[in-house]
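A.B. asks: Encoded as structure tokens, here's the structure I'll be asking about.
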Amino acid sequence: MRYLALLRGINVGGNNVIPMAKLRTAFESLGFDDVQTYIASGNVLFSSAKAPKREAIEAMLAKQFSYAAKIALLKVNELKKVVAEAPGGFGEDPATYRYDVLFVRAPVKAKTVLPQLDVREGVDAIAAGSHALYFRRLIARASQSKLVKLMSLPVYKELTVRNWNTTSALLELAAAPPKRS
């Protein structure tokens, strides 16, 4: 079975810098196969015969890379569901809007996070799916978006954000047969 681990807070602003080759090796050390990374923001696809434990992956990352590791862990079919559940038209007008997917860490549920988030009328739009929240903001008024306020909320530590292009690319990569070395 294929899985996706989305690491939170690495390689951002020079903090928690982890080279992707070392990250792949770290996942392989847990016995995972077909380990692939996508861009340097902590996206790891891997195969495992047994269901991986999020806590074990986080413990390994914390030990090997000396940071408070938190990940969102999804089966590839859950990633497919994230893309399929996006609101109608989501991602279709990148010249006008910025589109972000806020993945939630289990056991947190997107529908329970949604009421905690605020939007600015005419700037932001937000919706909840099974494993993620979908946030759209008007580029011309991005400085007025309330997405930045999310970072001050306690629930922010249970989310990891990917833009729509990255989310879509991860699904394409996950759908392709794993490259064997």
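The values are calculated or read from the model by the stated rules, or taken from the named source; none is laboratory data. Note that the structure is predicted; figures quoted are calculated from it, not measured. Cβ: placed from backbone, ideal geometry, glycine included. Neighbour counts: every protein chain shown.
A.B. asks: Give the residues of the stretch 117-176 that are farther than 30 Å from residue 2 by Cα, assigned to a loop (DSSP other than H, G, I, E, B) and among the hydrophobic types (A, V, I, L, M, F, W, C), sorted by residue number.
C.D. replies: Listed by number, the residues that qualify are 117, 119, 123, 151, 153.
A.B. asks: Continuing with this model, one more query. Could you please let me know if residue 152 is among the hydroxyl-bearing types (Ser, Thr, Tyr) and without any contact (Cβ under 8 Å) to a residue 40 or more places away in the chain?
C.D. replies: yes
A.B. asks: Something else: When you scan the stretch 10-20, how many residues do you find that are part of a loop (DSSP other than H, G, I, E, B) and either touching a strand residue (DSSP E or B) at 6+ places or on another chain (Cβ under 7 Å) or outside the structural domain of residue 60 (by TED's automatic domain parsing) (or both)?
C.D. replies: Result for the stretch 10-20: 0.
A.B. asks: Go through the stretch 142-169 and give me each residue that's surrounded by 13 or more Cβ atoms within 10 Å (Cβ to Cβ) and under 17 Å from residue 70 (Cβ atoms).
C.D. replies: 150, 153, 155, 156, 157, 158, 159, 160, 161, 162
A.B. asks: Then there is this: Taking the condition modelled with pLDDT under 95 and within 13 Å of residue 167 (Cβ to Cβ), does residue 41 pass?
C.D. replies: Taking the combined requirement at face value, the residue satisfies it.
A.B. asks: Which one is surrounded by the fewest Cβ atoms within 10 Å (Cβ to Cβ), of the residues in the stretch 47-63 that are in a helix (DSSP H, G or I) and touching a residue at least 40 places away in the same chain (Cβ under 8 Å)?
C.D. replies: 54
A.B. asks: Take the stretch 1-44 and flag every residue that is closer than 22 Å to residue 158 by Cα, of a type in the set (S, T, N, Q) and surrounded by fewer than 18 Cβ atoms within 10 Å (Cβ to Cβ).
C.D. replies: 11, 15, listed by residue number.
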